[in-house]
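So the structure is just underneath, and the comments pick up after that.
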Amino acid sequence: MKKKKVFQYIIFFGAIVILFFIATFAGTDNLKTKSPVLSYVRPFTFTTQDGKPFTQKDMLGKVCVVNFFFTTCKGICPRMNGNIKTIYDQFKDQPDFLIVSHTCDPETDSASVLKKYADKMQVDTHKWVFLTGRKDSLYLQARNSYLLDDPKNNLKDIHDQFLHTQFIALVDKNGKVRGHIYDALKQDELKSLSDEITVLLKAPVEQDAQ
């Protein structure tokens, strides 16, 4: 009889502990599975639409949406950036949010050209920055940091290459590429991206990321 009561007490208190855990953490990000780390942002220095230097350090402490496009594109780029603007509109008032767009065509897309493009998009370039630089450096970042193209393409002559993709990456506050590579032309992917941004905005900055 005593053993039966002890067993009942164990079950009772175990149930209390479980209920306490659910009451404390349900509805918070603590119960959510962390998205996988796919890569990390390698060091770089590019130039913004305002002619100012921009490095990987400017991304630290911010949740960043990253893509590659070119201003003269008549195909997927307008649709991609139009869809990304919906993400911009959703999170532009968040202090730790940033969109980082790189040109695929730096020979055409100078800083001044990117400035005109940003003005046409009617976005705040403190929240959505447009970058240009050396073509080989831009493409290395796309492939090795953000996984937006096959790194094996780096072996080809840079003059024969042209990067054209609708895929975008999500970088957390610590410079790590998270979740998966998102297709900016698909609404369900944009919803998934939005949900992941919401989670990552609540996450802290790691000490070693400073």
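The values are calculated or read from the model by the stated rules, or taken from the named source; none is laboratory data. From a predicted model like this one, the values you see are computed outputs, not experimental measurements. Virtual Cβ from ideal backbone geometry, glycine too; neighbours counted across all protein chains shown.
Just a few scattered comments:
- Count - residues of region 166-189 that are crowded, with 20+ Cβ neighbours inside 10 Å, more than 15 Å from Pro204 (Cα to Cα) and of a type in the set (A, V, I, L, M): 5
- Residue match in region 109-129 (condition: aromatic (Phe, Trp, Tyr) and over 29 Å from Val205 (Cα atoms)): yes
- The residues of region 181-210 that are in a strand (DSSP E or B) and out of contact with any Leu (no Cβ under 7 Å at 6 or more places or on another chain) amount to a single one, Asp183.
- Check on Asp89, more than 15 Å from Ala142 (Cβ to Cβ) and exposed (fewer than 12 other Cβ atoms within 10 Å of the Cβ): yes
- Residue list for region 149-174, restricted to those being out of contact with any Lys or Arg (no Cβ under 9 Å at 6 or more places or on another chain) and either at pLDDT below 95 or among the basic types (Lys, Arg) (or both): Leu155, Lys156, Asp157, Asp160, Phe162, His164, Thr165
- Filtering Leu163, Leu131, Leu114, Leu98 for residues that are over 15 Å from the mean Cα position of the chain (by Cα), buried (at least 19 other Cβ atoms within 10 Å of the Cβ) and under 18 Å from Tyr182 (Cα atoms) leaves a single hit, Leu163.
- A search for C-beta distances below 8 Å between a residue of region 66-88 that is of a type outside the set (Ser, Thr, Tyr) and part of a loop (DSSP other than H, G, I, E, B) and any residue that is surrounded by 20 or more Cβ atoms within 10 Å (Cβ to Cβ) and modelled with pLDDT of 95 or more, counting only pairs 6+ apart in sequence or on different chains, returns Phe70/Cys77; Phe70/Thr103; Phe70/Cys104; Phe70/Asp109.
- Filter result (in a helix (DSSP H, G or I) and touching a helix residue (DSSP H, G or I) at 6+ places or on another chain (Cβ under 8 Å)) within region 133-155: Lys135, Asp136, Tyr139, Leu140, Arg143, Asn144, Pro151, Asn153, Asn154
- The listed residue being of a type outside the set (Val, Ile, Thr), crowded, with 16+ Cβ neighbours inside 10 Å and in a loop (DSSP other than H, G, I, E, B), out of Asp124, Asp105: Asp105
- Matching residues in region 91-132 - criterion: being more than 22 Å from Lys62 (Cα to Cα) and of a type in the set (Gly, Ala, Ser): Ser110, Ala111, Ser112
- Selected residue (criterion: farthest from Ser194 (Cα to Cα)) from residues of region 49-69 that are crowded, with 19+ Cβ neighbours inside 10 Å and among the hydrophobic types (A, V, I, L, M, F, W, C): Phe54
- Leu147 at positive phi and either in contact (Cβ under 8 Å) with a residue 40 or more places away in the chain or not aromatic (Phe, Trp, Tyr) (or both): yes
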